Amino acid sequence: MLRIIFISLVMMLLVPADEVVVLLHGLARSSKSMAKMGKSLEKEGYEVLNLDYPSRKHSVAKLARLVHDQVAAKTKGAKKVHFVTHSMGGILVRHMQASHPVKNLGRVVMLSPPNQGSEVVDKLGGLKVFRWINGPAGLELGTRKKSVPQVLGSVDFDLGVITGDRSINWILSSMIPGEDDGKVSTTSAKIKGMKDFKVVHASHPFIMKKKKVIGEVLTFLKTGKFNDA
């Protein structure tokens, strides 16, 4: 019992109690995909809000507003609100900060974000099955000039980006130039204004579960940069 109390006190000293980390899953995923990340953050003393949102039902703009309202309602009193996102979750944060900003935003880590869009959307977006699987928001994530990622432009918040260079889908990878994670090229994950960038050996669907990636997320949240190579 004394040991548990001691550990709890140590964790309170490591992370301010008024800081919250919001987790945002990617397109056609759920909060379950971010569960391992959430448990790791909680062990480090962070308060974690692992959100679900209807990623396949609405446009990026509407999803961003829905997420913003959830965050505002559930983080009242927080001094800082950090975000760890996967894939499209990162685009929602960019949209929120451009339209309805989280004023007490802390640091943000994006995992495999299509910050410049994905060529997969360009090539498959016209197919009915693609639209059925990915919904309105999925169609907005291409690389063309009028796509949402392109229109949003650079970021002005404390952002670190981690992306992968391994794929489990060679068909999709054949549509993407250069190194990719099966959905997004390493180049397309970058965005002007980011503070740090790292490529790891991971695929798009599973990057958030890798121990190394979780370690890098924790480092960035605490220091504002990733570990040196």
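Grouping the Cα pair distances of segment 148-228 into 5 Å bins from zero gives a pair-distance distribution of 3, 16, 23, 22, 20, 13, 4, 0 percent in increasing distance order. Taking a ≥ b ≥ c as the square roots of the eigenvalues of the Cα gyration tensor, an a/c ratio of 1.5 or more together with a/b no larger than b/c marks segment 24-94 as oblate. Partner lysines whose Cα lies under 20 Å from the Cα of Lys80, excluding those fewer than 8 positions away in the same chain, are identified as Lys39, Lys43, Lys103, Lys195, Lys222, Lys225. Using R0 = 35 Å, the C-beta based FRET efficiency linking Glu179 and Lys43 works out to 0.65. List the pairs from Lys74/Lys123; Lys74/Lys209; Lys145/Lys198 whose alpha-carbon separation is above 27 Å, in the order I gave them. In this structure, Lys74/Lys123 lie more than 27 Å apart at Cα. Put the Cα centre of segment 30-63 next to the Cα centre of segment 156-172 and the gap is 18 Å. Put a plus charge on the Cβ of each Lys and Arg, a minus charge on the Cβ of each Asp and Glu, and nothing anywhere else: the dipole of segment 19-223 about its Cα centre is then about 340 debye. Comparing Gly117, Ala202, Ser59 along the charge dipole axis of the chain, the residue lying farthest to the positive side is Ser59, per the Cβ-charge model. Residues whose amide H comes within less than 5 Å of that of Asp180, counting only those at least five positions distant or on another chain, are Thr186 (H built at 1.01 Å from N in the peptide plane). Within the shell of other residues whose beta carbon sits under 13 angstrom from the beta carbon of Leu105, the net charge comes to +2, with Lys and Arg scored +1 and Asp and Glu -1. Debye sum, Cα scatterers, segment 19-223, no solvent: what log₁₀ I/I(0) at q = 0.11 1/Å? With one equal scatterer per Cα and no solvent, log10 I(q)/I(0) is -0.44. Summed over qualifying helices (DSSP H, 4 residues or more, each -39500 (n - 2.57)) and divided by its residue number, the chain shows a 222 nm mean residue ellipticity of -11500 deg cm²/dmol.
Need one number: % antiparallel among DSSP beta bridges in the chain, to the nearest 5.
Here the share of antiparallel DSSP bridges comes out near 5 percent.
Our summary gives the chain a relative contact order of 18 percent, counting only alpha carbon pairs under 8 angstrom and 6 or more residues apart.
Readers should treat all values here as calculations from the given coordinates under stated rules, not as data from a laboratory. Everything numeric in this text was worked out from a predicted model, so none of it was measured. FYI the Cβ positions are ideal-geometry reconstructions off the backbone, even for glycines, and counts take in every protein chain you see.
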